[in-house]
Amino acid sequence: KHNSSGSVSVQVIQKVKGQNKLIKTIGCATTRQKIDKLVIAGYEEIERITGQNNLFLSDKDTYTEEALLNISNSDIRTVGPEIIFGSIYNHIGFNQIEE
């Protein structure tokens, strides 16, 4: 849920007789990375409360998501396009452009 302060709260909600009932507030955050971590924690809490595993999300998927949440754009390095497309770029003149 979006808060007036600009942060986002992640809550576990249950629908009871057409009404939403707050089961647990997982936390609140302002950055996308922290919000995603709270959402994962929310799904884990739902599994813990209900005793049911998510049909499509395994523990391995959760660990992978958590690892990917810790990666930023500056950590990613593109390797290969010059090798693959280098001769094409040179042929159409991109190698003539100064950086």
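The values are calculated or read from the model by the stated rules, or taken from the named source; none is laboratory data. Model, not experiment: these values are computed from the prediction. Cβ atoms come from the backbone with ideal geometry, glycine included; neighbour counts cover every protein chain shown.
Within segment 1-14, residues that are farther than 15 Å from residue 41 by Cβ and free of Cβ contacts under 8 Å to residues at least 24 places away in the same chain reach partners that are among the hydroxyl-bearing types (Ser, Thr, Tyr) and surrounded by 10 or more Cβ atoms within 10 Å (Cβ to Cβ) with beta carbons closer than 7 Å, at six or more positions or on different chains, in the pairs 1/9; 7/30.
Number of residues in segment 25-52 that are free of Cβ contacts under 8 Å to residues at least 24 places away in the same chain and either over 26 Å from residue 72 (Cα atoms) or outside any helix (DSSP H, G or I) (or both) equals 10. Pairing each residue of segment 59-78 that is among the aliphatic types (A, V, I, L, M) with any residue that is in a helix (DSSP H, G or I), provided the two are 6+ apart or on different chains, yields C-beta distances under 7 Å for 69/33; 69/36; 69/37.
Based on this model, can you work out whether residue 6 counts as at pLDDT 90 or above, on the phi > 0 side of the Ramachandran plot and small (Gly, Ala, Ser)? Taking the combined requirement at face value, the residue does not satisfy it. Checked against (1) within 21 Å of residue 66 (Cα to Cα); (2) surrounded by 13 or more Cβ atoms within 10 Å (Cβ to Cβ), residue 24 passes all but condition (1).
When segment 21-62 is limited to residues that are at pLDDT below 85 and hydrophobic (A, V, I, L, M, F, W, C), the one that is farthest from the chain's Cα centre (by Cα) turns out to be 55.
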